Structure formats: structure tokens, C-alpha cells
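Single-structure report; data block below.
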Amino acid sequence: MQNLFRQIPKVDKVIQKFKDYDKEIISKITKEVIEQLREDIKNKKINEIDESRVLKIIENKYHDILTPSIKNVINATGVIIHTNLGRSLIDEEIFERAKQISTHYCNLEYDLDKGKRGDRYHHTAKHLSFLFGSEDALIVNNNAAAVFLVLNTFAKNKEVVVSRGELVEIGGSFRVPEVMNASGAILKEVGTTNKTHKKDYINAINENTAMLMKVHKSNYSIEGFTAEVSFDEIIKMAREYKLLDYYDLGSAYVPKLPYSLSNYEPSILDIMKHNPSLVSFSGDKLFGGVQAGIILGKKELIAKLKQNQILRMFRVDKITISLIEETAIAYIKKNYDKIPTLKMLFTSVDELKKRADKFLSLTPSLRAEIIDTFTYVGGGTMPNKKIPSVAVAIDGNAKKWEERFREKLVIGRIENEKFLLDFRTIQEDEIEKLAAITNELLSCGVRV
């Protein structure tokens, strides 16, 4: 072991081998690598030292620390709101507006009319309120924060009645019961997994009840022998018993959706017609904006949310505010082409086939065929509801093709033992790039 310790390269000599590298960074990395070597020798994890390998480790760590790990990928899965791939895309013009705001000073919390401090939430509130027909609006950093803030503000140490069939867990182990507990609210489960009736809510109401809550069943659906109480009925009950009603909608859409998707869930505009106390949803799901929690509701309730000290921990910055504001304006103008999520969803199957044809014309050596397929909206939106799509199915070993394309930052999917490139989510300006990547793989002798 002592002999191994003596073989450890000297830090100063190692640094000299990287004369063209930043000395401070390379010194820090070298010391860390050398210290790890010592630990590995002590723990008998290594029995020899290869100096060239040590130098390579240091070099790789150097480049890795100076290279951003978040990268653009081509989403060829067909899933539009793909949580793992960044959910909704932002339109370039909308992003440019946010870029202009963030690279210069702005009136984030400055009232230009009065010449004094203003309210940062006013910018988005006026547009969201107009768009959705609500008295007021508030945005926080995501919908989980919105749920927590609402419950902590209005139901701390009080009961919140929720159907047992809506006590969901979504991605990232976000569980409604645990969030409720953390907020200080007391969960009051009613009904059964598959059936909940109006009488279940009424029987649960007591002097400590603060709220009747409905939760969107993200990522799953209940079918068969089922029953649930609609939100408009919950609103009526809440008013009758002088309680608050709250809908954690999760995701919200504005225009009528294609492929009969609007038959499965009401639009946010339909929900707001019932004048609910509070509703919240994600800004980066079907709304097609940036990550944020959007809260709509009555003015006096939004005012109380703003008074909660916890709001500061959930506060959004000028970039998010600008992006949400511009997205809301696009909706008000009915410029739905400025919402990439909607644009992808509304693209016709015929158009997708044209794009797939173009791709194959640019990759003549590829053994593949165009097929009709189905995909999903994603992001917990419209769970289990298929939408038609078009894909290129590549001949050969699907797993190996998936690996080769993933190495080139193209993420596809395997279906029926075929590797698919689904054109529902491949952007128009990515087709030539995807073809070039494919031809590069073929030219390198990749035949799987």
C-alpha cells in the first residue's frame, strides 16, 4: 500500500502538464482527483496507479465542469408536453420579448404613473384576469407552490374535503395528501376510489371545515363503475355552507381542442363561468407557457394570498412574468400559432406525413417506412387519451437504434419492436438536422 502512495503523481507536476488550462480550475480538480486516489488506496479499491489514466480523468473533469450539461434534444417521442424533455416550448418571438426585458432594467416593481414602488404581480394579473374572466390572478413558481399557498392561507389547522379518488401522486412523488399535511391543512377524505357522491361531501362538513377541494386526476383515469361530483356542484355546495371551493386543475386549456379532447375535460373558460373561489394550474402544460403556478379567483382571496409571508418563497422573477404576460396576450389576440404546444397539437396528420416524406427523401439509404400511430398530450394532461400521429419506423434492432440516436441527442421511442421517430413533436426546422444525424449514423457503418 505504501508503494502505491509513493506512486501518486505530485500535484504541481500534474498542473504543469496542463499549461494551457485555467490554473485555478485545474489545480482544484487535480487536488480532488489526487485526494480520491488516496481514499481509494486506503479502502483497497485500486491496486495500481496508471498516471496517463489519472491525467485523462483530470482532463475530462476539466472539460465537464466548463460544459453546460443541459442541452437541446430533438423530441421524437411524439409526446407534446414531455416533462423529462422540458414540457412546453416557448415561441421565439415571445422569448425575444422576455430577453429584452431581462437584459435591461424594467418596471418590475415600479409604478410608472405614480413614480413609486408598485406590485410585480400586476403585470400578469391584468392580462390573465381579462383572458379568463376572473376578478384577479396571481402567479407563483409552479402549481405545487400554488396548491401549498392556497391551503396554507385558507385551511391551516382546518379541514379540507377531497374525494378519495382524487388523492393523486404525480411525477416527482408530488402527493396531494403530503402537500396538504405540509401546508397545515387537515385532509378529510370522502367517498371511495371509484365513486364519490354529493352526499359524501355534505356528510363530511363540520364546524372545522374550511374548503371543498377538487383535484385533477393527473396521469391516470378511472373508468367503468364510477361517479364523481362536478366542480360546478362543488361550488354550489361551498356557497350553501359558506365555504371556499378550490380546483387544483393541474393543466388548463383555452380554445376547443382537436381529436375530441375537449369532450373529456372542460376548458378553463367553461370552469370560470361558474365564478369559483379559486382555481390553479400549471403555466407550462396545456397553457403552453413557462413553468409557473397560475392562480385565478376572487379579488379578496387573491389579496389574502399576497399577504401570506410564504408567497415570497414562491415568488417569480421578471423573466417568468414577461413570458406569462406575453403568452396571455397571444391568447387574448387568438394568436394560437404563438403557442407551440397548441401548434403541435393542431397539426394535421396530412401535414405530419409531408414532413415524414421530406425526412425520408433526405435519408435515401435508411431502411424505414412511414406508419400511422398514436401518441399522447403528456404532462398528466388528458391521461390515456390517444391522439393520431405519424412516425418513421426504422428497420433493425430497435434498442440499438434508440441508443445510437440518443447519443446524438435524438430521443425517440420503441413500439412493437420498432424504433420510431414520431413527427408530432419533431419541429419543422429540425427535419434537416435530423436527416443529417441519420445520414451520419449510416455513413459511420451503423447497421443494426
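The values are calculated or read from the model by the stated rules, or taken from the named source; none is laboratory data. Source: prediction; values computed, not measured. Ideal geometry is used to build each Cβ from the backbone, glycine not excepted, and the neighbour counts take in all protein chains shown.
Quick notes on this one:
- Applying the criterion of being touching a Phe, Trp or Tyr at 6+ places or on another chain (Cβ under 7 Å) and among the aliphatic types (A, V, I, L, M) to the residues of the range 10-47, the residue that is surrounded by the fewest Cβ atoms within 10 Å (Cβ to Cβ) is 25.
- Test for residue 244: is it over 18 Å from residue 383 (Cβ atoms), in contact with a helix residue (DSSP H, G or I) (Cβ under 7 Å, 6 or more places away or on another chain) and in contact (Cβ under 8 Å) with a residue 40 or more places away in the chain: yes
- In this entry, residue 306 passes the filter for residues that are within 20 Å of residue 282 (Cα to Cα), surrounded by fewer than 17 Cβ atoms within 10 Å (Cβ to Cβ) and over 23 Å from the mean Cα position of the chain (by Cα).
- Test: residue in the range 378-388 that is free of Cβ contacts under 8 Å to residues at least 60 places away in the same chain and either touching a Leu at 6+ places or on another chain (Cβ under 7 Å) or hydrophobic (A, V, I, L, M, F, W, C) (or both): no
- Residue 323 vs. criteria under 26 Å from the mean Cα position of the chain (by Cα), in contact (Cβ under 8 Å) with a residue 12 or more places away in the chain and not in a strand (DSSP E or B): yes
- Extreme residue, farthest from residue 355 (Cα to Cα), among residues of the range 384-441 that are surrounded by fewer than 20 Cβ atoms within 10 Å (Cβ to Cβ) and among the polar types (S, T, N, Q): 384
- Counted residues, the range 155-197 - those being farther than 25 Å from residue 282 by Cα, of a type in the set (Lys, Arg) and in contact with a helix residue (DSSP H, G or I) (Cβ under 6 Å, 6 or more places away or on another chain): 0
- Odd one out for residue 391 among (1) under 17 Å from residue 83 (Cα atoms); (2) in contact with a Ser or Thr (Cβ under 8 Å, 6 or more places away or on another chain): (1)
- Flag if residue 276 is of a type outside the set (Asp, Glu), over 21 Å from the mean Cα position of the chain (by Cα), within 19 Å of residue 217 (Cβ to Cβ) and part of a loop (DSSP other than H, G, I, E, B): yes
- Unique residue being part of a helix (DSSP H, G or I) and either β-branched (Val, Ile, Thr) or on the phi > 0 side of the Ramachandran plot (or both) when the list is 161, 150: 150
- Pairs, first at pLDDT 95 or above in the range 332-354, second part of a loop (DSSP other than H, G, I, E, B) and surrounded by fewer than 16 Cβ atoms within 10 Å (Cβ to Cβ), C-beta under 8 Å, six or more apart: 334/255; 336/255; 342/255; 345/258; 346/258
- Flag if residue 187 is at pLDDT below 95, assigned to a strand (DSSP E or B) and assigned by TED's automatic domain parsing to the domain that holds residue 269: yes
- Number of the exception - residue 69 against (1) loosely packed, with under 14 Cβ neighbours inside 10 Å; (2) modelled with pLDDT of 95 or more; (3) under 30 Å from residue 394 (Cβ atoms): (2)
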